[in-house]
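For reference, the structure discussed in these notes is given below.
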Amino acid sequence: MTKSQNSKQYDLEERTLRFTKMVIAYCKNLARNISHFEISKQLIRSAGSVGANYIEANEALSKKDFLMRVKICRKEAKEARYWLNLTEPTIYNSNVKELLLRESTELMSIFGSIIRKME
């Protein structure tokens, strides 16, 4: 792996970590009700899974294992977008919701591009 590829790998690890941290902060600011409680749990799990699976992909033992993990990353980013769409942000964090929706979509595109290049 070249230095440029290695740098991109860690940039994406950092980006997925920031995404998860932003999701956690966003969920803390949602209205306190039973539906948001359940949605937040699912949203945090799927957002966290994006980064965790990308780290696993970078430690893959084979190309096939790497590809499977990246596909899971894409799937989890899509799931996070689904849960985000179900939230009803307060007036103070509606811009954050839009930012997170854009980021989840961009992550899906990035992982989709990686998959296309590998297949």
How do Ile55, Ile114 line up, fewest other C-beta atoms within 10 Å first? Ile55, Ile114
Residue separation times 0.36 nm, minus the C-alpha to C-alpha distance between Leu86 and Ile24: what's the value? 20.8 nm
Fewest to most neighbouring Cβ within 10 Å: what's the order for Phe111, Phe19, Phe37? Phe37, Phe19, Phe111
Exceeding the 27 Å Cα-Cα cut-off - candidates Lys21/Lys64; Lys41/Lys97; Lys28/Lys63; Lys41/Lys63; Lys71/Lys97: Lys21/Lys64; Lys28/Lys63; Lys41/Lys63
Taking Rh as the Kirkwood radius computed over C-alpha pairs, what is the Stokes-Einstein D of the chain at 25 °C in a medium of viscosity 0.890 mPa s, expressed in µm² per second? 167 µm²/s
Taking the Cα centre of the chain as the origin, how large is its charge dipole in debye, to the nearest 20, when only Lys and Arg (+1) and Asp and Glu (-1) carry charge on their Cβ atoms? 160 debye
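Taken together, the values in this text are just the output of simple stated rules run on the coordinates, not laboratory data. Everything numeric in this text was worked out from a predicted model, so none of it was measured. As a convention, Cβ positions derive from the backbone with ideal geometry for all residues, glycine included, and neighbour counts pool all protein chains shown.
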